[in-house]
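Okay, so here's the structure we're looking at.
The values are calculated or read from the model by the stated rules, or taken from the named source; none is laboratory data. None of these values were measured; they are calculated from a predicted model. Positions of Cβ are generated from backbone atoms using ideal geometry, with glycine treated the same way; all protein chains shown enter the neighbour counts. Only protein heavy atoms, including side chains, enter the accessible area calculation; ligands, DNA and RNA are left aside. Shrake-Rupley method; radii C 1.70, N 1.55, O 1.52, S 1.80 Å.
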Amino acid sequence: DAGVIQSPRHEVTEMGQEVTLRCKPISGHDYLFWYRQTMMRGLELLIYFNNNVPIDDSGMPEDRFSAKMPNASFSTLKIQPSEPRDSAVYFCASSLLLAGYNEQFFGPGTRLTVL
Amino acid sequence: AQSVTQLDSQVPVFEEAPVELRCNYSSSVSVYLFWYVQYPNQGLQLLLKYLSGSTLVKGINGFEAEFNKSQTSFHLRKPSVHISDTAEYFCAVSYIQGAQKLVFGQGTRLTINP
């Protein structure tokens, strides 16, 4: 299995630009999570989906952030407009809820730098 | 509400020395517990997990952790570390009921000195 795939691996953009991060979960997994990692705040859960439906978006920082999952094999996290404080590593993770617990498999991350 | 506290942000040790990374959690209900490892410039990968049964859990790369319900702790240990263990380690917890979400600690950076 290829694991969770994220693209791009690195993104450098200027303040005010739109940024789209992409994620392909592991085939057959029914949960997808978006996290943000910074030195100051650590690892934060932004949003997660179950069977393509957003379940909890309480971690999304503000309206500039949006996430979609149009099908079971693809999700996007969009920031519009981007700001320097959005600079972070964004991780996507997927899982299959088995036997009541959720082992999450993480992608390699997208390092976003907003200038 | 659940929370996870990793008591040490950084732990430097010498190669072949033992190490313990501490994790405490707060929850009024039963939980599942996990340790993840993040190597430089990579995503997180599961090191080990506690779901039920024996309180001593063995994971990959010679790591083990002990669940202590009375102290609400889940400390990670390795008897002899290697340079390749240099990484950031995250403790995480989820409710048994509604176990979809993980709450992560702030992470502990383990540095192995030769």
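Taking the criterion of being closer than 21 Å to B:Tyr95 by Cβ and hydroxyl-bearing (Ser, Thr, Tyr), the residues of the stretch A:61-113 that qualify are A:Ser94, A:Ser95, A:Tyr101. Hey, any hits in the stretch B:63-71 for a residue that's among the charged types (D, E, K, R), more than 14 Å from chain A (Cβ to nearest Cβ), part of a strand (DSSP E or B) and open to solvent by 10 Å² or more (accessible area, probe 1.4 Å)? Within the stretch B:63-71, one or more residues are among the charged types (D, E, K, R), more than 14 Å from chain A (Cβ to nearest Cβ), part of a strand (DSSP E or B) and open to solvent by 10 Å² or more (accessible area, probe 1.4 Å).
Only residues that are under 18 Å from the mean Cα position of the chain (by Cα) and either open to solvent by 100 Å² or more (accessible area, probe 1.4 Å) or more than 16 Å from A:Ala88 (Cβ to Cβ) (or both): list them for the stretch A:1-11, please.
Filtering the stretch A:1-11 for residues under 18 Å from the mean Cα position of the chain (by Cα) gives A:2-11.
Result: A:Ala2, A:Gly3, A:Val4, A:Ile5, A:Ser7, A:Arg9, A:His10.
I need the full set of residues from the stretch A:46-70 which are under 22 Å from B:Gln6 (Cα atoms) and buried (at least 19 other Cβ atoms within 10 Å of the Cβ), in order please. A:Leu46, the sole residue that qualifies.
Determine whether the stretch B:5-28 contains at least one residue that is closer than 18 Å to A:Gln104 by Cα, within 12 Å of chain A (Cβ to nearest Cβ), modelled with pLDDT of 90 or more and part of a strand (DSSP E or B). Outline the logic, then answer.
Filtering the stretch B:5-28 down to residues closer than 18 Å to A:Gln104 by Cα leaves none.
Scanning the stretch B:5-28, I find no residue that is closer than 18 Å to A:Gln104 by Cα, within 12 Å of chain A (Cβ to nearest Cβ), modelled with pLDDT of 90 or more and part of a strand (DSSP E or B), so the answer is no.
For the stretch B:60-68, the count of residues that are free of Cβ contacts under 8 Å to residues at least 24 places away in the same chain and of a type in the set (Asp, Glu) is nonzero. Filtered by the rule that a residue be of a type in the set (Ser, Thr, Tyr) and farther than 15 Å from A:Val19 by Cα, the stretch A:56-89 gives A:Ser58, A:Ser73.
With respect to being over 18 Å from A:Glu103 (Cβ atoms) and not charged (D, E, K, R), B:Ser30 falls outside the description.
Residues that are surrounded by fewer than 18 Cβ atoms within 10 Å (Cβ to Cβ) and in contact with an Asp or Glu (Cβ under 9 Å, 6 or more places away or on another chain) within the stretch B:72-99 comprise B:Arg77, B:Pro79, B:Ser80, B:His82, B:Ile83, listed in sequence order. Among the residues of the stretch A:93-115, those that are buried (at least 17 other Cβ atoms within 10 Å of the Cβ) and away from chain B (no Cβ under 12 Å) comprise A:Leu112, A:Val114.
Could you please let me know if B:Lys101 is closer than 30 Å to A:Asp57 by Cβ, within 14 Å of chain A (Cβ to nearest Cβ) and assigned to a loop (DSSP other than H, G, I, E, B)? Yes; evaluated as a whole, the condition is true for this residue.
Is one or more of the residues making up the stretch B:47-59 touching a residue at least 60 places away in the same chain (Cβ under 8 Å) and either within 14 Å of another protein chain (Cβ to nearest Cβ) or crowded, with 19+ Cβ neighbours inside 10 Å (or both)? No - not one qualifying residue is present in the stretch B:47-59. Residues that are within 14 Å of another protein chain (Cβ to nearest Cβ), within 14 Å of the chain's Cα centre (by Cα), surrounded by 15 or more Cβ atoms within 10 Å (Cβ to Cβ) and modelled with pLDDT under 95 are absent from the stretch A:84-92 altogether.
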